[in-house]
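A.B. asks: Would you mind keeping the following structure in view while I ask a few things?
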Amino acid sequence: MASLLELGRAFARQAKADLDTWDFLQGRKEVPACHKLLFLQMACEKLVKAHLAQAGQDIKPVHTYTAKHLETILRHRLVGRSVPNGRAILRHAKHLSQEIELLAPAVKRGGQRPDNCEYPWEDSMGTIHTPLEWSFVPSGLLLAPAGRTVLKLLRESIESLV
Amino acid sequence: MSTIAAPNKDLEAQRLADAHYQLEENITAIYRLNGVAETLPNEPIKLLEVNTNTVPSGIVPLRFDPAPSIGISFPSTIVEVTPGEFQQIGRGELKLPDGWTLGGLLPPSNRG
């Protein structure tokens, strides 16, 4: 039977492939933002599941781990480093991770946030929206300087487990 | 002849806690969690962090590898809970994993 560390490493390898694909798609205008963000959402979720697996946790097939735990993982990457705006980066990471979790169609925050990066949805006015034409919150958050730092920490965190 | 000091788990736990207090302003308290194999070198430093800016999700440990370059030579496990969940742990309503017990408070070294 595989060890917990091996299982965690397997999740991390898959997360790295997701993040590499996210990187590969950047700058490609023919690829919609929803498809790019799908890979980012999957990378974040698998990173969290890698840490859970290594702790011996039963990994449930749900998409609600990122909002709570991604910031904790990124915080750990900042330990021992001189980062004067570390708290601001982590506040941004918290907001970003909550929005990234909402990209999964199963996560709707009590029906208040049906926007997701896979399936069309109908709003309260009866208007149908598709992910293809939607403007996603994480896209803007990632453009901020702290957003770019979050992406670097995310990659570091994934690669530290591979 | 120079000697290399053996890793000190208690000191490293405090160092890790201090770093987390510094980076996350919403952490109000950090406690050690003790396991049955606490003296073994591979047994992680286990911290229970009470955070006012998190959502309740029960006891969900996250495991981290050692990071000798920043002075953390033990693996570590972080459990983050809300203040309400911490009270539930105290009342025995929320159970820690088998063999784990709540240890001492690690107050921030550099706060007031």
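The values are calculated or read from the model by the stated rules, or taken from the named source; none is laboratory data. Treat the numbers as computed from the prediction; the structure is a model and nothing was measured. Don't worry about glycine lacking a Cβ; one is built from the backbone with ideal geometry, like all the others, and counts go over all protein chains shown. Note: accessible area is taken over every heavy atom of the protein model, side chains too, but ligands, DNA and RNA are not part of it. Shrake-Rupley method; radii C 1.70, N 1.55, O 1.52, S 1.80 Å.
A.B. asks: In the stretch A:141-162, what residues are open to solvent by 20 Å² or more (accessible area, probe 1.4 Å) and either at positive phi or outside any loop (DSSP other than H, G, I, E, B) (or both)?
C.D. replies: Of all residues in the stretch A:141-162, those open to solvent by 20 Å² or more (accessible area, probe 1.4 Å) come to A:141, A:143-146, A:148-149, A:151-152, A:155-156, A:159-160, A:162.
Passing the criteria: A:Leu141, A:Leu143, A:Pro145, A:Ala146, A:Arg148, A:Thr149, A:Leu151, A:Lys152, A:Arg155, A:Glu156, A:Glu159.
A.B. asks: Within the stretch B:3-40, work out how many residues are of a type in the set (Gly, Ala, Ser), out of contact with any Phe, Trp or Tyr (no Cβ under 9 Å at 6 or more places or on another chain) and part of a loop (DSSP other than H, G, I, E, B).
C.D. replies: Count: 3.
A.B. asks: So A:Met125 passes all but one of these: (1) closer than 25 Å to A:Asp23 by Cα; (2) open to solvent by 50 Å² or more (accessible area, probe 1.4 Å); (3) more than 14 Å from every other protein chain (Cβ to nearest Cβ). Which condition number does it fail?
C.D. replies: It is condition (1) that A:Met125 fails.
A.B. asks: If we scan the stretch A:78-93, do we find a residue that is surrounded by fewer than 18 Cβ atoms within 10 Å (Cβ to Cβ) and in contact (Cβ under 8 Å) with a residue 60 or more places away in the chain? Reasoning before the result, please.
C.D. replies: First, the residues of the stretch A:78-93 that are surrounded by fewer than 18 Cβ atoms within 10 Å (Cβ to Cβ): A:80-85, A:87-88, A:91.
Those left that are additionally in contact (Cβ under 8 Å) with a residue 60 or more places away in the chain: A:85.
Yes, some residue in the stretch A:78-93 is surrounded by fewer than 18 Cβ atoms within 10 Å (Cβ to Cβ) and in contact (Cβ under 8 Å) with a residue 60 or more places away in the chain.
A.B. asks: Another question about this same structure. Count, please, the residues in the stretch B:36-55 that happen to be open to solvent by 10 Å² or more (accessible area, probe 1.4 Å) and more than 9 Å from chain A (Cβ to nearest Cβ).
C.D. replies: Looking only at that region, the number is 9.
A.B. asks: Right, next: Quick one: B:Leu33 ticks every box in (1) more than 7 Å from chain A (Cβ to nearest Cβ); (2) open to solvent by 50 Å² or more (accessible area, probe 1.4 Å); (3) aliphatic (A, V, I, L, M) except a single one, so which number is it?
C.D. replies: That leaves (2) as the condition not met.
A.B. asks: Another one. Quickly run through the stretch B:75-112 and pick out the residues that are open to solvent by less than 20 Å² (accessible area, probe 1.4 Å), within 19 Å of A:His51 (Cβ to Cβ) and assigned to a loop (DSSP other than H, G, I, E, B).
C.D. replies: B:Pro75 - this is the single residue of the stretch B:75-112 that is open to solvent by less than 20 Å² (accessible area, probe 1.4 Å), within 19 Å of A:His51 (Cβ to Cβ) and assigned to a loop (DSSP other than H, G, I, E, B).
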